[in-house]
1. Cβ under 12 Å from GLY64's Cβ, GLY64 left aside: what net charge do those residues give with Lys, Arg +1 and Asp, Glu -1?
2. May I ask you to list the chymotrypsin sites (Phe, Trp or Tyr not before Pro) in the range 8-98 that are in a DSSP loop and have at most 11 other Cβ atoms within 10 Å of their Cβ?
3. Take the cross-link list LYS130/LYS166; LYS11/LYS130; LYS11/LYS156; LYS45/LYS110; LYS11/LYS163; LYS45/LYS108 and give me the ones stretching past 32 Å between alpha-carbons.
4. DSSP loop (so not H, G, I, E, B), at most 16 other Cβ within 10 Å: list which GluC sites (Glu not before Pro) in the range 40-103 pass both filters.
5. List the trypsin sites (Lys or Arg not before Pro) within the range 38-92 that fall in a DSSP loop (any state other than H, G, I, E or B) and whose Cβ has at most 16 other Cβ atoms within 10 Å.
6. Starting from the coordinates of the alpha-carbon atoms of the range 84-154, obtain the Kirkwood hydrodynamic radius over all distinct pairs and give the value in Å to one decimal.
7. What does the convex hull of the Cα atoms come to per residue for the range 1-114, in Å³?
Amino acid sequence: MYSFEPTEEQKMLMDAVDRFAETDLRPAAHDAEETGGFEQKLIAKGWEMGVLQASIPETYGGFGDRSVVTGVLAAESMAWGDLAGTMAVMTPGLFTMPVLLAGTEEQKQKYIPPVIEGIWQPYSAALVEKSFDFDPNDLSCTAVLSGDEYVINGEKIMVPFAKESKALIVYASLEGKDISFAGTPFRNPGTFKGTSGEDIPGLHLRRGGACRAYFATKCPIGTSNRD
């Protein structure tokens, strides 16, 4: 017989998230709406509760096993405080979970521990494209193999913390198949060379939040960085 009762660990996590949502996140939502972003110390406090860390195995710096239920319970509780604030706190999951689920062992060891073991930093992902009929299974952003590198070309929107991102996963079409690439954008030197980004309004995350990202025609990335 299935039980839908949260475990003791899940209850403890939900209690902590509930307190954060009520005493910290919700009171800050109005000012965030006016200024276009949450204070870094508030996002960091939400990160320290370990919602993502609890779904990462100890091998990669976490302290639990992946649990969709735990993630949903925590996200629902935190979003009561503010949806956009919750998205900000959990943005690193957009980068970490795809690597955990689909990356090679080498990629997991390279990319996951720096996210999980450190303070909150803007690790993100670029999936959504500027099209009314956007289909994640039919991407316009392309990747072409050129020697020992892939050249990415396209535009993405609604990329959380794109301009400030420590590392970024970009989803692109390679010979008709959707592939993900991990790298460091907007840096010199960076994995994604020739990239740029700009803020667009949305969910009071304008400051470092929902950005548009461009991947220039000459945006090479090494073959070891694909899934």
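All of the numbers you see were taken from the coordinates with simple rules; none came from a lab. Note that the coordinates shown come from a computational prediction; the quantities given were computed from them, not determined experimentally. So basically every Cβ, Gly included, is an ideal-geometry build from the backbone, and we count neighbours across all protein chains shown.
1. Taking every Cβ under 12 Å from that of GLY64, the sum is -2.
2. none
3. Distance filter (> 32 Å) returns LYS11/LYS130; LYS11/LYS156; LYS11/LYS163.
4. Filter output for the range 40-103: GLU48.
5. Here the sparse-neighbourhood loop sites are ARG66.
6. 14.4
7. Once divided by residue count, the hull of the range 1-114 is 110 Å³.
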